[in-house]
Amino acid sequence: MDTKIAFKVTSSSGEPYNIQFKFSDNQFTVLCSCQAGMFGKLCKHKTGLLDGDPSLLFDKTDQETLELVHDLVKKSRYREIISSYNILKKEMEEAQKKEKRLKEQIEYALKTGVEIVS
């Protein structure tokens with residue numbers, strides 16, 4: 001299969017961005033015309049469509065095509081990779097919360113007094 005599927009997605013500026021899925025040799029690539037996407041970075045437009053989110057579609061009649069694309073994406077390693085990323089992201093958020101609590105404990109102890117143990 002050697003297929004290209006294009007979508008227009010909504011943006012915060014009101015101007016649509018172009019997303020292109022290319023399916024070839026049992027792989028797919030995704031390109032986005034937004035600022036991040038032009039540099040090959042992950043953007044909310046790519047991840048939204050990869051997750052099958054129809055709310056991003058500029059043309060709502062593309063929803064059926066998005067469902068077909070999403071069915072192919074679900075068969076790829078993308079799900080595994082994004083799942084690992086999301087787990088790590090959650091762990092990092094929890095670590096940042098823990099860091100904040102510990103920093104507050106240190107600040108409180110330094111302000112109110114730290115016991116000297118002999």
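The values are calculated or read from the model by the stated rules, or taken from the named source; none is laboratory data. Quick caveat, the model's predicted, so the values are computed rather than measured. Glycine gets a Cβ as well: all are built from the backbone with ideal geometry, and neighbour counts include every protein chain shown.
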Residue match in segment 21-33 (condition: assigned to a helix (DSSP H, G or I) and hydrophobic (A, V, I, L, M, F, W, C)): no
Residue match in segment 57-66 (condition: in the same structural domain as Thr3 (by TED's automatic domain parsing), buried (at least 17 other Cβ atoms within 10 Å of the Cβ) and of a type in the set (Lys, Arg)): no
Of the criteria (1) among the hydroxyl-bearing types (Ser, Thr, Tyr); (2) within 21 Å of Glu15 (Cβ to Cβ); (3) in a loop (DSSP other than H, G, I, E, B), which one Ser76 fails: (2)
Positions within segment 10-34 being more than 18 Å from Ser76 (Cβ to Cβ) and over 15 Å from the mean Cα position of the chain (by Cα), in sequence order: Thr10, Ser11, Ser12, Ser13, Gly14, Glu15, Pro16, Tyr17, Asn18, Ser33
Test set (1) surrounded by 10 or more Cβ atoms within 10 Å (Cβ to Cβ); (2) closer than 30 Å to Asp25 by Cβ - Ala95 fails condition number: (2)
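Considering each of His70, His45 in turn, give the residue that is touching a Gly at 6+ places or on another chain (Cβ under 6 Å), surrounded by 12 or more Cβ atoms within 10 Å (Cβ to Cβ), assigned by TED's automatic domain parsing to the domain that holds Lys22 and in a helix (DSSP H, G or I).
Checking each option against the conditions leaves just His70.
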